[in-house]
Each structure stands twice: as structure tokens, then as C-alpha cells.
1. Would you confirm whether any residue within the range 57-77 is assigned to a strand (DSSP E or B) and β-branched (Val, Ile, Thr)?
2. Which residues, counting only those in the range 44-72, are exposed (fewer than 10 other Cβ atoms within 10 Å of the Cβ) and not hydrophobic (A, V, I, L, M, F, W, C)?
3. State the number of residues belonging to the range 72-92 that are under 12 Å from the mean Cα position of the chain (by Cα) and over 21 Å from Glu45 (Cα atoms).
4. Check Glu19 against each of (1) of a type in the set (Asp, Glu); (2) modelled with pLDDT under 90; (3) surrounded by 10 or more Cβ atoms within 10 Å (Cβ to Cβ) and name the one condition it does not meet.
5. Considering only residues that are assigned to a loop (DSSP other than H, G, I, E, B), at negative phi and within 19 Å of the chain's Cα centre (by Cα), which ones fall in the range 9-36?
Amino acid sequence: MTQSKPKKVILEKDPLYKEKAKWAKQFNHLVGLRIMGVRYLTKEETDASAWYSAPIAIELSDGSALIPQQDDEGNDGGALWIANSKGKEDLAPVIRG
């Protein structure tokens with residue numbers, strides 16, 4: 001089985017390219033980290049954030065976690081759209097309750 005090469009995303013034609021590139025640089029420390037676990041936030045964790053929805057948490061090898069939220073202000077947990085180079089998509093929804 002052969003694996004296809006990942007496509008290089010070229011943003012230079014994007015009118016916000018410089019701003020996006022500047023912001024993306026701030027997250028270069030994530031490159032090379034390993035995913036150590038995937039779980040949903042507990043009720044205790046969502047209560048601590050005053051969230052009604054429990055999003056997925058992707059735990060990384062440096063002890064940090066990627067946790068989608070509804071908006072920049074962190075008003076609630078958010079769903080995570082998962083896409084890959086083979087055109088397959090998936091969604092990690094929030095769990096409400």
C-alpha cells in the first residue's frame with residue numbers, strides 16, 4: 001500500500017496571508033509532538049469553564065491538550081472537523097448534558 005504525499009497548502013494568495021503566517025508561527029512548538037490520548041472533557045472540567053458542552057481533548061506528549069472551543073472568547077466547547085488528504089471527513093461532536 002502506498003501513501004500519498006500530503007499536499008502543501010499555499011497561502012500566499014490569501015489576502016490575510018501575512019497575519020495568518022504570523023499567528024501560525026506562534027504554534028510551531030506543536031510540530032513533532034505526539035498524540036498521547038484522546039478523550040472528552042469531564043463534567044468537572046466543563047463546569048470549571050462554565051461550559052454546557054463537553055468537547056474532545058487531544059492530549060499531547062508535552063502535557064498540553066488541544067481542546068476546541070465555540071469561539072475566541074471560550075464561551076463553550078466546540079466540535080472538531082477532521083479532514084485528510086484522501087477526501088475523507090469526520091466530526092468529533094460536542095457532548096451536551
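The values are calculated or read from the model by the stated rules, or taken from the named source; none is laboratory data. Being a predicted model, the structure only gives us computed values, none of them experimental. Every residue, glycine as well, gets a Cβ built from its backbone with ideal geometry; the counts of neighbours run over all protein chains shown.
1. yes
2. Glu44, Gly63, Asp71, Asp72
3. So the answer is 4.
4. Result: Glu19 passes all but (2).
5. So in the range 9-36, the residues assigned to a loop (DSSP other than H, G, I, E, B) come out as 9-16, 26-27, 31-34.
From the residues that got through so far, the ones that are at negative phi too are 9-16, 26-27, 31, 33-34.
Scanning the range 9-36 gives Val9, Gln26, Phe27, Val31, Leu33, Arg34.
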